[in-house]
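As structure tokens, the structure follows; a few thoughts come after it.
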Amino acid sequence: MAFIYIDESGDLGTGKKSCEYFVIAAVKVDKEEVDIALRRIPKKIRARKLSKKLKETAELKFSNSSDEIRIAVLKAAAKLDIGIFCLAINKKGAAANIRDNMHLVYNCFIKMLLEEDFSNISRKTLLKICLDKCMPPAEQQKFENYIKMQMLLLFKESPHVLFEQEVSQNNAALQVTDFICGAFGYKYNTSKQGKGCSAYTDIIKAKIRLEKEKK
């Protein structure tokens, strides 16, 4: 079984306090033993890095974690045999389109993954795609249909794909994906501040298979 975990960073607003980029990132895992190791990262970080009080928090998230925790999670992920993919969308002039057509944004992202990396997946492999719960049922169905169609075109046969939408609090692998996505969000939305914006993505640089900015 192969696994893909997808998360997003940034808001869909257009106000002065809104971020400039909306980011989607994915973590692809080709081996079940690596998936197990990925899921263990939050628990290990909790045990080694968090104070007794913080260990009771519901989940680890990039947005409210310290620099130390962010670095620890990203370094742990960088040690694993994973592939990382990112699409950073400049919202200027496109925010309404993103908000009203989230499944199209995800379709664009999945098409990037298909073209870049999916052709090496065994035809007999079950592919599990897990998203942080973000789409209403109707949008999710459109998204699933699109993926199946694209994989059918790629593989010339019926794909073996399992979809899950899950709350990240209940999925440790999605929590790690949140940190990876957050690293890209930090890079693109703090780039105008000068040096240091890529400090987090530099940690996982060796694992990045595709990073694309869409304006």
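The values are calculated or read from the model by the stated rules, or taken from the named source; none is laboratory data. If you're wondering where the values come from, they're calculated on a predicted model, not measured in any experiment. For neighbour counting, all protein chains shown are included, and Cβ atoms are generated from backbone atoms with ideal geometry for every residue, glycine included. The accessibility values were calculated without ligands, DNA or RNA, using every heavy atom of the protein model including side chains. Shrake-Rupley method; radii C 1.70, N 1.55, O 1.52, S 1.80 Å.
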- Taking the range 154-172, which residues are modelled with pLDDT under 75 and either in a helix (DSSP H, G or I) or closer than 17 Å to Ala2 by Cβ (or both)? Leu154, Phe155, Glu157, Ser158, Pro159
- Taking Thr125 and the conditions (1) among the β-branched types (Val, Ile, Thr); (2) open to solvent by 20 Å² or more (accessible area, probe 1.4 Å); (3) at pLDDT 75 or above, which numbered condition does it fall short on, given that it satisfies the others? (3)
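Where residues in the range 190-208 are assigned to a helix (DSSP H, G or I) and either touching an Asp or Glu at 6+ places or on another chain (Cβ under 6 Å) or hydroxyl-bearing (Ser, Thr, Tyr) (or both), which of them is farthest from Glu68 (Cα to Cα)?
Applying the filter and picking the extreme gives Ser191.
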- Of all residues in the range 184-212 being modelled with pLDDT under 95 and of a type in the set (S, T, N, Q), which is surrounded by the most Cβ atoms within 10 Å (Cβ to Cβ)? Asn189
- the range 8-29, residues that are at pLDDT below 90 and charged (D, E, K, R): Glu8, Asp11, Lys16, Lys17, Glu20
- Query: For Cys181, all conditions in the list (1) out of contact with any Ser or Thr (no Cβ under 8 Å at 6 or more places or on another chain); (2) at pLDDT 85 or above hold save one; what is the number of the exception?
  - Reply: (1)
- Task: List every residue pair whose Cβ atoms sit under 8 Å apart, with the two residues 6 or more apart in sequence or on different chains, where the first one lies in the range 25-43 and is open to solvent by 80 Å² or more (accessible area, probe 1.4 Å) and the second, anywhere, is among the acidic types (Asp, Glu).
- Result: Lys31/Asp81
